[in-house]
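Read through the structure below, which is laid out as structure tokens, and then see the notes.
The values are calculated or read from the model by the stated rules, or taken from the named source; none is laboratory data. Nothing here was measured: the structure is a model prediction, and the numbers come from that model. Note: ideal-geometry Cβ built from the backbone for every residue, glycine included; neighbour counts use all protein chains shown.
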Amino acid sequence: MSARRQKVLVLYLANSALDAPVIAWAHYDGTGKTLHMAGDQDQPPYATGLDALKDGWRLFQAAQLLPHARGEEFDVAYLKYEFFFEQLVEI
Amino acid sequence: MPETDLPLLSSAQAASFVARGFLRFDAAVPKAINDQFMKEAGKVSELKAGEKIGKAFLEVFAKNRIPEVSAGTPLAEAYAQKSALGRLMALPLVRGAIKSLLGEDPIFDHHFLHVSFPPRFHERAEHENVSQHTHQDSTIDPRLSFDVQMMYFPHAVTREMGGTRFIPGTHLRKVSEVALGRYQNIRGQQHMVCEGGTLLFLHHGIWHGGGVNLAETARYMFKIRMRASGSQVRQWDVDDIARPNAQRAIFFTKSPPAKGTVETILTTPEPWFEQDTGRLEYVNRIKLWRYLVDDPTYDADYWLTRLKV
């Protein structure tokens, strides 16, 4: 088995641009060295998604931009601009 | 106190509830009621090593003197008058807030005693002590009308005790319960650190979750969900509604918007608003205000007029 583990950072941005401000975030640490949970951090780890890239996080998934269904144009539900980043860490 | 003398919410408070999904009243419940509630709720029993955390929950539920109440019971009949909850629900502030948001003769939906155990319970149960995922209660709810959930904090809550976490302004989002659990932290989230006797009135849709308790003592919170039996229209003190139906200048303005007006409250963003859907939040707040004032022409800052909605 590889001695590398994945750390995942999920950032939710104020629009679809990667340099837009962070409005929500989550950490998941596959090394088991840190435990993150809901409500554990009131200030975002980065000001923008681009700042996460500059700090060595690798982007591996970004939310699609989807058209708005007719009749549901004003509906709001989940956060739209979701970006998944990873770091691979030797353990 | 007669129904006609109740302290009703102001229009600014009603608009704030529409915009942000909550109203908070610190230390609103007298200590005598808080103490009586804690006695009726009962103390948690210590766990032995290897016992499950569920045992501690079951013991609290079995021992407490809070009644089982059938869903659909008139709220006025839910609690014995001399019980802590009967006395709580008779407080003028509570009656006035409920009347303002739900109108006459509200209906009881359910209640629940939330207990958050300290770390030693989780250690003995070999159970990870973590916060609750952020969620919206019940299930997908497409209504414009709303239920109210009253959270009662019967004792002081410190930040170490976790407190209930909620995110102002999320209540108009149509989501499916804990489907949003992935969002660990959201800008503007609030943790209920408060004095004993604090009350939080919530729109049923607000995103929230229990914080992890890292203190030595158990944390209690009691929640009552209730709904309207009739009209929710203009049930608060509407005397202060200024309704000239005149629109103010928008975008190109030479001074900040007047504070405390319904229009300003409905168009004030939350720190987590996305730049585009933040505008949809204004649209949905205005629609909810139209419903509550029964005025399909009401608008704030031209958002719906422009769209001819």
Q) What number goes with the only condition from (1) exposed (fewer than 15 other Cβ atoms within 10 Å of the Cβ); (2) under 26 Å from residue B:162 (Cα atoms); (3) within 14 Å of chain B (Cβ to nearest Cβ) that residue A:72 does not pass? A) (2)
Q. Does segment B:9-28 include one or more residues that are in contact with a Phe, Trp or Tyr (Cβ under 6 Å, 6 or more places away or on another chain), outside any helix (DSSP H, G or I) and at pLDDT 95 or above?
A. yes
Q. When residue B:216 is evaluated against the numbered criteria (1) more than 14 Å from chain A (Cβ to nearest Cβ); (2) farther than 19 Å from residue B:130 by Cα, which criterion, by number, is the only one it fails?
A. (2)
Q: Looking for whichever is assigned to a loop (DSSP other than H, G, I, E, B) and either touching a residue at least 40 places away in the same chain (Cβ under 8 Å) or touching a Ser or Thr at 6+ places or on another chain (Cβ under 9 Å) (or both) here; the options are B:149, B:132. Which one fits?
A: B:132
Q.
I need a count of the residues in segment B:106-129 that are outside any loop (DSSP other than H, G, I, E, B) and on the phi > 0 side of the Ramachandran plot.
A. 0
Q. Is there a residue in segment B:135-145 that is buried (at least 22 other Cβ atoms within 10 Å of the Cβ) and in contact with a Lys or Arg (Cβ under 9 Å, 6 or more places away or on another chain)?
A. yes
Q. Which one of B:173, B:182 is within 11 Å of chain A (Cβ to nearest Cβ), farther than 28 Å from residue B:265 by Cβ and either of a type in the set (Lys, Arg) or in contact with a Phe, Trp or Tyr (Cβ under 8 Å, 6 or more places away or on another chain) (or both)?
A. B:182
Q: Mind counting the residues in segment B:151-192 that are surrounded by fewer than 22 Cβ atoms within 10 Å (Cβ to Cβ), of a type outside the set (Gly, Ala, Ser) and within 22 Å of residue B:89 (Cα to Cα)?
A: 2
Q: Just name the residue that is farthest from the other protein chains (Cβ to nearest Cβ) out of those in segment A:1-49 that are buried (at least 18 other Cβ atoms within 10 Å of the Cβ) and among the aromatic types (Phe, Trp, Tyr).
A: A:46
Q: Among the strands (runs of 3 or more DSSP E) lying completely within chain A, list those that include at least 2 residues that are within 25 Å of residue B:140 (Cα to Cα) and not aromatic (Phe, Trp, Tyr).
A: A:4-13, A:22-29
Q. Of all residues in segment B:258-292 being of a type in the set (Lys, Arg) and within 10 Å of another protein chain (Cβ to nearest Cβ), which is surrounded by the most Cβ atoms within 10 Å (Cβ to Cβ)?
A. B:287
Q: Could you tell me whether any residue of segment A:61-80 is of a type outside the set (S, T, N, Q), in contact with a Phe, Trp or Tyr (Cβ under 9 Å, 6 or more places away or on another chain) and within 29 Å of residue B:129 (Cα to Cα)?
A: yes
Q: With respect to residue B:99, determine if the residue is modelled with pLDDT under 95 and not in a loop (DSSP other than H, G, I, E, B).
A: no
Q | From the options A:53, A:59, residue that is away from every other protein chain (no Cβ under 14 Å), more than 26 Å from residue B:176 (Cα to Cα) and in contact with a helix residue (DSSP H, G or I) (Cβ under 8 Å, 6 or more places away or on another chain) | A | A:59
Q) Pairs under 6 Å by beta carbon, first residue in a strand (DSSP E or B) in segment B:157-168, partner among the β-branched types (Val, Ile, Thr) and surrounded by fewer than 19 Cβ atoms within 10 Å (Cβ to Cβ), six or more apart or different chains? A) B:157/B:193
